[in-house]
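Student: The structure follows.
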Amino acid sequence: MSVEDFKSEVQRLTQAIAGRPLDGELQAFLNSRFPGSGAEFKTIEAMCHKGVAEGWMCQKEHGGVRFGRVFPPTPELGAFSVDVVQMTDVVGPHHRHPEGEIDMVMPITAGACFDATPRGWKVYGPDTAHCPTVTGGTALVLYLLPNGKIEFTK
């Protein structure tokens with residue numbers, strides 16, 4: 001699998017959501033249109049696992065969190081950046097989402113949750129903040145940031 005193959009797959013997702021407000025309706029849409037049990041979700045998930053195994057995804061590590069930006073925001077990705085993190089029973093660094101954040105939660109350990117969300121989608125609206133937290137084991141999380149905007153706090 002190439003990085004471009006991954007980009008093409010993610011592009012199908014971002015094209016379906018580009019221009020939509022980041023809110024509860026978008027979260028419901030994602031969980032309906034791209035459910036955790038669906039083929040498209042599973043394809044992206046398998047590609048994330050392969051990218052991590054091949055070493056071009058989650059290249060960095062800090063405080064027990066493996067992470068990395070896969071793509072900067074581009075027009076073909078609906079102006080979303082694409083990042084992937086791998087977390088195991090950890091609270092990550094507090095940060096703010098100036099324009100929101102969309103999280104694709106992919107548990108590796110059965111029952112693992114990201115911010116109390118099991119397999120599926122979590123959407124944070126504009127001007128929200130949190131300490132990303134994985135409980136119950138290990139999870140991969142693909143996150144989309146409008147215009148790549150994120151502000152880490154101290």
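The values are calculated or read from the model by the stated rules, or taken from the named source; none is laboratory data. Worth saying up front: this structure is predicted, and the values here are computed from it rather than measured. Cβ: placed from backbone, ideal geometry, glycine included. Neighbour counts: every protein chain shown.
Student: Taking the residues in the range 101-154 that are in contact with a Lys or Arg (Cβ under 9 Å, 6 or more places away or on another chain) and of a type in the set (Gly, Ala, Ser) as candidates, determine which candidate is nearest to residue 20 (Cα to Cα).
Tutor: Among those residues, the one meeting the criterion is 148.
Student: Every residue in the range 41-96 that is over 21 Å from residue 13 (Cα atoms), surrounded by fewer than 14 Cβ atoms within 10 Å (Cβ to Cβ) and of a type in the set (A, V, I, L, M, F, W, C), please.
Tutor: Correct list: 53 only.
Student: Given the conditions (1) in contact (Cβ under 8 Å) with a residue 60 or more places away in the chain; (2) not in a strand (DSSP E or B), which single one is not true for residue 83?
Tutor: (2)
Student: If you don't mind, another one. Could you look through the range 106-132, keep only residues that are among the small types (Gly, Ala, Ser) and outside any loop (DSSP other than H, G, I, E, B), and pick out the one that is nearest to residue 40 (Cα to Cα)?
Tutor: Among those residues, the one meeting the criterion is 120.
Student: Give all pairs with beta carbons closer than 7 Å in which a residue from the range 104-119 that is within 20 Å of residue 28 (Cβ to Cβ) meets a residue that is among the acidic types (Asp, Glu); count only pairs at least 6 apart in sequence or on separate chains.
Tutor: If the second residue must be among the acidic types (Asp, Glu), the pairs left are 106/45; 114/103.
Student: Oh, and also: Does the range 12-26 hold any residues that are surrounded by fewer than 18 Cβ atoms within 10 Å (Cβ to Cβ) and in a helix (DSSP H, G or I), and which are they?
Tutor: 12, 15, 16, 24, 25, 26, listed by residue number.
Student: Right, next: For the range 27-41, give me the residue count where each residue is over 18 Å from residue 100 (Cβ atoms), assigned to a helix (DSSP H, G or I) and among the small types (Gly, Ala, Ser).
Tutor: 2
Student: Checking residue 14 against (1) over 24 Å from residue 115 (Cβ atoms); (2) at pLDDT 95 or above: exactly one of these is not met. Which one?
Tutor: Here residue 14 clears every test but (1).
Student: A further question on this structure: Do you know which residues across the range 56-80 are part of a helix (DSSP H, G or I) and under 15 Å from the mean Cα position of the chain (by Cα)?
Tutor: Residue satisfying the conditions is 77 alone.
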